[in-house]
Every structure is written in structure tokens, then in C-alpha cells.
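This report concerns only the one structure given below.
The values are calculated or read from the model by the stated rules, or taken from the named source; none is laboratory data. These figures come from a predicted structure and were not determined experimentally. Cβ placement follows ideal geometry from the backbone for every residue including glycine, while neighbour counts extend to all protein chains displayed. What goes into the accessible areas is simple: the full protein's heavy atoms, side chains included, and nothing from ligands, DNA or RNA. Shrake-Rupley method; radii C 1.70, N 1.55, O 1.52, S 1.80 Å.
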Amino acid sequence: APLTAAHPGESGFNVISDGVEAFGVRLRVVNMAQRSIDAQYYIWHNDLTGNAMYSNLLAAADRGVRVRILLDDLDASGKDDMLQKLDAHPRIEVRLYNPFSNRSFKTDFITDTERVNHRMHTKTLTVDNQVTIFGGRNIGDEYFAASEEVGFSDMDAMAVGPIVNEVSDQFDLFWNSEWVYPVSAFPRDQPITEQDMQAFREQAGQFTVEAQASEYAQIILDSEASDTYSMAQVGFSWSDWFLAYDLPSNAEGGEITAETHLAPRLIQGMDMATTEILIVSPYFVPGEKFTRYLIDRVADGVKVKVLTNSLASNDVGMVHAGYMRYREDLVAGGVEVYEFRALHNIELEEELGRNKIDSQKASLHAKFFGFDHRYLFVGSFNLDARSAIWNTELGAYFAAPKQASEMSAVFDEGIMQFAYRLSLDEDGELIWITLDENGQEVTVDHEPDTSFWQRFNTRILSPLVPEKQL
């Protein structure tokens, strides 16, 4: 309250790129909750961080907090037993967006393809209508630097002020829509008994004990985030803002307009840029029209920089097959294109001086855009047809000159440590340029860190993949 009173009419934003900090902040705001918690996610894994979040939500409900959990059913189907036990708590309610009629085998993909192709990709966590966290992260170990298999480089924004009510209104719009169903509406073989709930609580308690004794718990305690005890200590950037989001009715399809979809709003932000556009999108399939748009912006004197996944770091090979159609044109048109390296995470974290779980592979998952070293757009939106047409997305455009300038500077000064810069050789063929451990330039004439078969299969798929589905 003192913070918002000191900045009337503005909202405060703090960008969170570190995975450990992102999880620590979520735990802290959940444990600070006094009245309400609204959690809205596309994916929520039953792993260390996912179960820890569920356990903390259960504890919040036990102390009188109203908890609402809204999940997309693509990931939630098959988890009905656990979700219905959470829902059985008198202060917890679980609902599902655009659910599958077949809870185990998802046969709707065959019988009702058009409907179930629309998914809720939105990701928000709002507490007491005072603070909200939104961005690219789902709930799961790979999003919070807790996985030994893969570590996603990601981005969130924590916000306070009037924007929180807007995010909350968006949640209510979904929660009460005809496309959302209570998990209790789906039948069980046996009703939930008191004994079931007691066993569920004991399981949650045991998991909490094990989680608190984990290596990851110690990493959280050692992080700077654990030293932040009040909102007054968070370095918020205060500004006007614009919150954009897709409507739940997108599951009906229909025309893409600025009133119903996020994508046209994002283009409006890009139109206002005069010196630089920075695009970070793990799944980047620009299509012919947007490729021409970016090249035209370069011709207008705007510096355009794009960071996306390499074939080696991309967790969806078909997306890379769609993206690769446009690389040569973008590079030839003056767009700076970089592809994220699938580094062994320990190398990456040693360079950054961070204490993290050692992951075998790194992958880009952050979705944000920078404009003119002053404005940022942080959200769940990928620059591909799936985000533009099929998924619901959410993001906010706001002024954060310090953070936006730092991101642009870090990009310019350090990107070659973590990515390949694409260029064209004298024959017009793509080459990949990066730096070795000694800081010397290394040039590769094929998709780096991949096998022949990976490259062959992706090249074969490229002209065949249906771009509007990517």
C-alpha cells in the first residue's frame, strides 16, 4: 500500500530472469497471502517444484486463504485424482480450460480437433489482489533451474499497483467463462473419503519434508531472493502500462482483432519503436508477412535483433523446421538473428557465477521484447502462429528504462557467449558464428551441435510442416 500510494496512477514492474529467484518469489508471495491466491497455468508438473507449490497452496488454504487453480487441460488431463483431492478442500477450487471429454487418451484430438487445438497458454499468479507474477514460466523443475535434464532460460515480471486488478479481472473472465469446467464435474470411480484426504495430507507433508532437505532448497536459501522480506525492498520500475490478453472465447476461433487477440497489440508496440527492436522468442516462425515487416523496419533505420532456439536447444523440432524457411531472408534483409546454444548448464552457470542444479542441456523459453532501450513487453507470447491464432496469451507493455537498457547492453556484449550469430557466406549460404572458450570466433557451416540425422530430418520436414499449427 505505501508503494502504490507513492506512485498514483502507475504500476510497478520487476523483471525476473533467474530461475531460482522466480521460484523463491512465488513461494514467498504464496506464504504471505492473507485472503486469496489465483493461479493460472498451461503446465504444472508433479515434480519437486510443482509439488512444493501444491503443498504451499494447501497450507495457505488451511490458514483461511481462498485458492483458485485454473489449468489448461492439455497437461492436466490424467491428473484428475490429485486435482480432485485438492478441490475437495473447502477453500480450494480447481477448474480446467477447454477440457477433453476422454480424460486418459485425449481422443478429442481425432473427434473434435478444431476445438481442442485451442489451448490456454496464459501464466499468472495473483495474491491478495496486491501482487501478480506473469510471463513465460510454467510450474515445473525445468522452469526454475531445478532440473538435471534441461534448464529453460526464462522470463517473468512481478507487478504491483493497478495492473494487478486488470490481471485479476482477466482471471475472473476465464474462471467464469463457458470454456472452463470444475474438475469436480468429471466422474470418479470412488468418492473422496476423509481417509483419502488424510492420506493426501500426509503425502503432502512428507513431500514438504523431503523438499526442504533437497539440494535445491539450500540453493533457494542461499539466493538473494531469500533475503527479500518486503515489497519495499524490490526494485520496481514505475510506469504507465498496457496489459494485453486473448479472450477465453478464442476457443471458438474467429477473426483476429485488437479487441480479441494479443498479437495485433504487440505489433502496435513494434510500430512505435524508432531505434531498436529486441525479440526473444523460443519458438519463432515469423511467416512471410512478418518477415517482410522486420526487414522493412531495418530499412527504416531500426536495429532489429532476434534470439531464438537453435535446432540443438529447441525442444520442438517441428517448430525449427518452420522457422528455418525464413532465416536466409531475415539475415539478407539486415535482421540480426541469433540462435541459443544448447550448452551444458554447468558451463553457463559458472560463467554467470550462479549456484544451480547441473542440467545436461540448456534451452531458451523466455518470451520478451525490448523497444528503444526503454520499453519492455513481457508475457507468454511466442512469435508463431500457435500463439497468434490458437492459444490464449497474456503480456504487459511497460516502461523500464534501466532494465531495458541493461538487457540490450547484455545482449550486445554477451550474446556470443550463449548463442550463434547467423550470417551468409560469399555464396549466400548460412553460417553460424560463435566464440570458443578462449574468446576466438568459430564458424560452422551447418546446424551446430546436431547429428546428420537431426539435420536431415528437419530439412525434410521444413517444406511439409503446417505453419499455422506451429
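The amide H of residue 382, built 1.01 Å from its N in the peptide plane, has 387 as neighbours under 5 Å, considering only residues 5 or more places off or on other chains. For the chain, the Cβ-based charge dipole about the Cα centre amounts to some 1200 debye (Lys, Arg positive; Asp, Glu negative; other atoms uncharged). Amide H contacts of residue 119 (H built 1.01 Å from N, in plane; Pro and chain starts excluded): 391, 392 sit under 5 Å, all sequence-distant by 5 or more or on other chains.
FRET efficiency for the pair residue 165 and residue 62, taken as 1/(1 + (r/R0)^6) with r the Cβ-Cβ distance and R0 = 30 Å, rounds to 0.65.
What is the sum of charges, Lys and Arg at +1 and Asp and Glu at -1, for the other residues whose Cβ falls under 10 Å from the Cβ of residue 310? Walk me through the intermediate numbers first.
Working: positive: 341; negative: 339, 447, 449.
Value of the local net charge: -2.
Summing charges over all other residues whose Cβ lies under 15 Å from the Cβ of residue 275, with Lys and Arg as +1 and Asp and Glu as -1, gives -2. Mean projected area of the Cα convex hull of the stretch 216-300, taken over all directions, amounts to 10.0 nm².
At a probe radius of 1.4 angstrom, the accessible area of the stretch 157-287 per residue rounds to 51 square angstrom. Backbone phi angles across the stretch 11-16, fed through the Karplus curve with coefficients 6.51, -1.76 and 1.60 (θ = phi - 60°), yield HN-Hα couplings of 10, x, 10, 10, 7, 10 Hz in residue order; Gly and Pro are listed as x.
How large a share of the accessible area of the chain, in percent, is made up of carbon and sulfur atoms when the probe is 1.4 Å and the other protein chains stay in place? Roughly 50 percent of what the probe reaches on the chain is carbon or sulfur. Label-to-label distance, residue 441 versus residue 457, with points set 7 angstrom from Cα along the beta-carbon direction: 3.4 nm. Distance between the modelled labels on residue 175 and residue 214, one decimal in nanometres: 2.8 nm (7 Å Cα→Cβ projection). Proximity of backbone amide H atoms, modeled 1.01 Å from N, is registered between residue 102 and 107, 108 at under 5 Å, excluding neighbours fewer than 5 places apart on the same chain.
Helical runs assigned H by DSSP (4 residues or longer) give the chain a calculated mean residue ellipticity at 222 nm of -10500 deg cm²/dmol, each run adding -39500 (n - 2.57) before division by the residue total. Label sites at residue 115 and residue 242, each approximated as a point 7 angstrom past Cα along Cα to Cβ, lie 3.5 nm apart. The value obtained for the stretch 279-326, namely the Cα convex hull volume divided by the number of residues, is 62 Å³ per residue.
Computed over the chain, the alpha-carbon pair-distance distribution with 10 angstrom bins reads 4, 20, 31, 28, 14, 4, 0, 0, each value a whole percent. Here the Karplus curve 6.51 cos²θ - 1.76 cosθ + 1.60, taken at θ = phi - 60°, turns the phi angles of the stretch 268-284 into couplings of 4, x, 5, 4, 7, 5, 10, 10, 8, 10, 10, 10, 10, 8, x, 10, 10 Hz, with x standing for Gly and Pro. Each principal axis of the Cα cloud of the stretch 280-420 was taken in turn, and the coordinate range along them, longest first, works out to 42, 36, 32 Å. Each principal axis of the Cα cloud of the stretch 191-252 was taken in turn, and the coordinate range along them, longest first, works out to 51, 46, 20 Å. Considering only beta bridges that DSSP places wholly inside the chain, some 65 percent are antiparallel. Structural size metrics of the stretch 29-124, computed from C-alpha coordinates, are Rg and Dmax of 14.2, 45 Å. For the stretch 390-397, backbone phi angles converted through the Karplus equation (6.51, -1.76, 1.60; θ = phi - 60°) give residue-by-residue couplings of 9, 8, 8, 9, 8, x, 10, 9 Hz, Gly and Pro being listed as x.
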